[in-house]
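Contents: one structure, followed by commentary.
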Amino acid sequence: MAHDPNLYPADRVVRAQKAAAEAGLDALLVSPGADLRYLTGYEALPLERLTCLVAPAEGEPFLVVPLLEKPAAEASPVGGLGIEIVGWQETEDPYALVASRLPSGLRRIGLDNHMWAEKVLAFRAALPGAEQALAGQALAELRMRKSAAEVRALSEAATAIDAVHLNMGEWLRTGRTEAEVGQDIADAIIAAGHETVDFVIVASGPNGASPHHEVSDRVIEAGDPVVVDIGGTMPSGYCSDSTRNYVVGQAPDEYLRAYGVLLAAQTAQCESVIPGLTSEQLDAIGRDLIAGEGYGDYFVHRTGHGIGLETHEEPYIVAGSSRPLEPGMAFSIEPGIYLPGKFGARIEDIAVCTDTGGERLNLVSRELRVLA
């Protein structure tokens, strides 16, 4: 994975330590995953052996790694951050090693939100006096506000996935199965510049009514509406995610009416993004419009999710969230209408809140695309 110093600046661990202190955490323990990548640029292997960034609220951070992984850690961006890398031998207890190097009297420690349960329990035994909490309460506050470099990386990801949607007519046609189309799309995601394919949804006809349908052996038929939701991870580590809708031939009138409602709702939401608007207010803009046209019971999920080093992260655009939008927040806007047994439709763009409003990163037309 590429390592742009602007994407992974050296001060992130220091800022994380400050955020930990403000959240009432005495230390952060961060295992392999998006949080570790965000803080250090190190894409560590998720092994049964412990790799863990230890960042006390006060004091020097250090990275504990299996001795056999130490050369890889040193060759990663961690090697240029001035963080001590501590290798542990196969016969050592790495959890006891971490405990021995932390200040005594820890009251509350933040564990990486995706840390394996066996590691959580091992830390509980090694640090019996410390309450365990989620590190995300500190780290999410940093990650959800994207820097200019991160926004550029997300824009590059959006451009790459847009290129795949632009070529959908090459693969999506009658007589082919969803799985066949999905394989072509997956190949195109890589060809467009992504490092990995994260998901491919090709939901034709009644399968479109299942929001997380992936692909099946169903043969695409004339008149089928098709939901195509695709995304991947770029060499930068940042993700794409976009949904467009297609019809092969003439779509049913009932579908065309529902799609018109959905397009109006999603457009209104995209145009309403502005600092200070709360997540639930943005959700309500589309939801109320859809409900007013009689489809309220068929919009069955939140409006959107944050995106960055993970496809789904804070902030979540959902009813009940009073979190105000802030400049730098990047998130999907993806209302949907799903009629069981008939069809579904979802329109999804990634948007970034700016100082003065919102910027849509996915620029492919949201109009229903009719394919021959």
Residues being touching a residue at least 24 places away in the same chain (Cβ under 8 Å), over 27 Å from E221 (Cβ atoms) and open to solvent by 20 Å² or more (accessible area, probe 1.4 Å) - total across the stretch 294-344: 13
All-but-one check, G249 against (1) surrounded by fewer than 17 Cβ atoms within 10 Å (Cβ to Cβ); (2) at negative phi, failing number (2)
Hand me the list of helices (runs of 4 or more DSSP H) wholly inside the stretch 31-119 holding 3 or more residues that are within 27 Å of the chain's Cα centre (by Cα). 34-40, 70-75
Of the residues in the stretch 345-367 that are β-branched (V, I, T) and under 22 Å from the mean Cα position of the chain (by Cα), the one that is most open to solvent (accessible area, probe 1.4 Å) is T354
Consider the stretch 1-23. How many of its residues are at pLDDT 90 or above, part of a loop (DSSP other than H, G, I, E, B) and either in contact with a helix residue (DSSP H, G or I) (Cβ under 7 Å, 6 or more places away or on another chain) or closer than 20 Å to A44 by Cβ (or both)? 1
Working only within the stretch 341-372, note down all residues that are more than 23 Å from L325 (Cα to Cα) and of a type in the set (D, E, K, R). K342, R366, E367, R369
If you take the residues of the stretch 318-339 that are in a strand (DSSP E or B) and either more than 17 Å from S240 (Cβ to Cβ) or of a type outside the set (S, T, Y) (or both), which of them is farthest from the chain's Cα centre (by Cα)? L339
Scanning the stretch 121-151 residue by residue, those open to solvent by 70 Å² or more (accessible area, probe 1.4 Å), part of a strand (DSSP E or B) and not acidic (D, E) turn out to be L134
Within the stretch 159-203, residues in contact with a helix residue (DSSP H, G or I) (Cβ under 6 Å, 6 or more places away or on another chain) and not in a loop (DSSP other than H, G, I, E, B) come out as V164, A188, I189, V197, V200, V202
Determine which member of the set A149, A163 is of a type outside the set (S, T, Y), farther than 19 Å from L50 by Cβ and touching a residue at least 60 places away in the same chain (Cβ under 8 Å). A149
Of the candidates E214, E170, E178, the one satisfying the condition of being more than 17 Å from L339 (Cβ to Cβ), touching a residue at least 24 places away in the same chain (Cβ under 8 Å), among the charged types (D, E, K, R) and surrounded by fewer than 17 Cβ atoms within 10 Å (Cβ to Cβ) is E214
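The values are calculated or read from the model by the stated rules, or taken from the named source; none is laboratory data. Computed from a prediction, not measured in an experiment: that's the story for all the values here. Because the Cβ atoms are built from the backbone with ideal geometry, glycine has one as well, and the counts that use them run over all protein chains shown. Note: accessible area is taken over every heavy atom of the protein model, side chains too, but ligands, DNA and RNA are not part of it. Shrake-Rupley method; radii C 1.70, N 1.55, O 1.52, S 1.80 Å.
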